[in-house]
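The values are calculated or read from the model by the stated rules, or taken from the named source; none is laboratory data. These numbers were taken from a predicted model, which means no experiment stands behind them. Glycine gets a Cβ as well: all are built from the backbone with ideal geometry, and neighbour counts include every protein chain shown.
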Amino acid sequence: MKVARFHAPGDIRVEDAPEPVAGPGELKIRVRNCSTCGTDAKIFKFGHHHIRPPRVMGHEIAGEVVDTGERVQVIAAIPCGVCEECSRGRFTVCPNQESMGYHYDGGFAEYMIVPAKVLAVNGVNPIPSGVGFAEASVAEPLACVLNGQSLVAVGAGDDVVIMGAGPIGCLHVRLARARGAARVFLVDVNAERLAMAAELVSPDAVIDSDPVEQVLKLTGGRGADVVITAAASGAAQEQAVRMAARQGRISFFGGLPKDDPIIRLDSNLVHYRELTIVGANGSSPAHNAEALRLIADGLVPVADLITHRLPLSQVLDGIDLVSRGAAIKVTIEP
Ligand SMILES: [Zn+2]
Ligand SMILES: [Zn+2]
């Protein structure tokens, strides 16, 4: 079968590999769609400390169980299920977390093995009827978005700012609407990408420069109830704090480059305005199941966000599209 394997930074190869065999307690999947995201582009450029090459990449996975033909979606982040955090239900911050496509071969392959650890935490979800494989593969990033918005409690009446108009930003706009946000503003420094995203998700306003001033203007000087940074940008995080309303909630959804994670924060803004700043780290198995339901119920449509469908042989083109910000969602069909 064909797989796309990471060998070293800048070196991903589409190559032949023997079809994998499921061991006891494992599941063999015929992968139908595995979507790409910014993380794949980052891995391609820099590698990742959890990836020991060669490794089949791909973590946004949907396919068929070979034995039964059941259509399933597979989680990416695998909590251990037994540590102190997991036993308290805090699966997203499990210190023993492993990931598909990092610790285990992922979905950029015709066939894939679901490890027993994934099955042990209910990490294989049946795809509801009416939801295609490509849409189901987007349940994983949507699950992460769901985790982020639950932590900052996006809800009815909120003015929400999303910083970053990539696929994650688009999912944030859609989910904020589904959760009853009053207005959603979308920010990106890349005016072209912002226009492409706005065309799809119709935010109440788009902002491509001076975001703090613009958000204050749009909110009559009050600021936004919720600000979510969906960009690997320290500047965006600093702006997010300055554009938040009193008692505003800020999600540092996107992480920063690990060699440059320090920002300047006016602590008095947090103090006097009673701001809440929250992180977000991936998603739990339950978030994945809920994301599939949101897609199936039409509350968060994702089909139109999939702008490119490519065969496995073109996975490098897909990653290139993602890193140039020239696509919303690119899905690979092995
Ligand atoms: Zn991803
Ligand atoms: Zn754990």
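Considering only residues that are within 13 Å of ligand 1 (Cβ to nearest atom) and not β-branched (Val, Ile, Thr), look in region 137-146 and name the one that is farthest from His172 (Cα to Cα). Give the derivation first.
Going through region 137-146, the residues within 13 Å of ligand 1 (Cβ to nearest atom) turn out to be 137-145.
Of the ones still in play, those that are also not β-branched (Val, Ile, Thr) are 137, 139-144.
On the way: Ser137: 17, Ala139: 13, Glu140: 13, Pro141: 10, Leu142: 8, Ala143: 11, Cys144: 10 Å.
The extreme case among them is Ser137.
When the residues of region 242-259 are filtered to those that are aliphatic (A, V, I, L, M) and within 30 Å of Lys45 (Cα to Cα), which remaining residue is modelled with the highest pLDDT? Going through the qualifying residues, I end up with Ile250.
Exactly one residue out of Ala77, Ala62, Ala22, Ala8 is more than 16 Å from ligand 2 (Cβ to nearest atom) and within 19 Å of the chain's Cα centre (by Cα): that is Ala62.
Look at (1) within 13 Å of ligand 1 (Cβ to nearest atom); (2) part of a loop (DSSP other than H, G, I, E, B) and you find that Ile43 fails only one, number (2).
Can you pull out every residue in region 311-329 that is within 22 Å of Val72 (Cβ to Cβ) and in contact with a helix residue (DSSP H, G or I) (Cβ under 7 Å, 6 or more places away or on another chain)? Break it down stepwise before answering.
At the first step, the residues of region 311-329 found to be within 22 Å of Val72 (Cβ to Cβ) are 311-312, 315, 329.
Lys329 - this is the single residue of region 311-329 that is within 22 Å of Val72 (Cβ to Cβ) and in contact with a helix residue (DSSP H, G or I) (Cβ under 7 Å, 6 or more places away or on another chain).
Matching residues to (1) farther than 18 Å from Asp320 by Cα; (2) polar (S, T, N, Q); (3) not in a strand (DSSP E or B):
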| site | (1), (2), (3) |
| --- | --- |
| Phe6 | no, no, no |
| Ile12 | no, no, no |
| Arg30 | yes, no, no |
| Arg52 | yes, no, yes |
| Asp67 | yes, no, yes |
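The set of residues in region 80-112 being among the hydrophobic types (A, V, I, L, M, F, W, C), more than 8 Å from ligand 2 (Cβ to nearest atom) and buried (at least 23 other Cβ atoms within 10 Å of the Cβ) consists of Met100, Phe108, Ala109, Met112.
Return a yes/no flag: does region 115-131 have any residue that is closer than 16 Å to Asp304 by Cα and more than 17 Å from the chain's Cα centre (by Cα). Yes, because at least one residue in region 115-131 is closer than 16 Å to Asp304 by Cα and more than 17 Å from the chain's Cα centre (by Cα).
All conditions but one from (1) surrounded by 13 or more Cβ atoms within 10 Å (Cβ to Cβ); (2) more than 19 Å from the chain's Cα centre (by Cα); (3) not hydroxyl-bearing (Ser, Thr, Tyr) apply to Ile43; the one that does not is (2).
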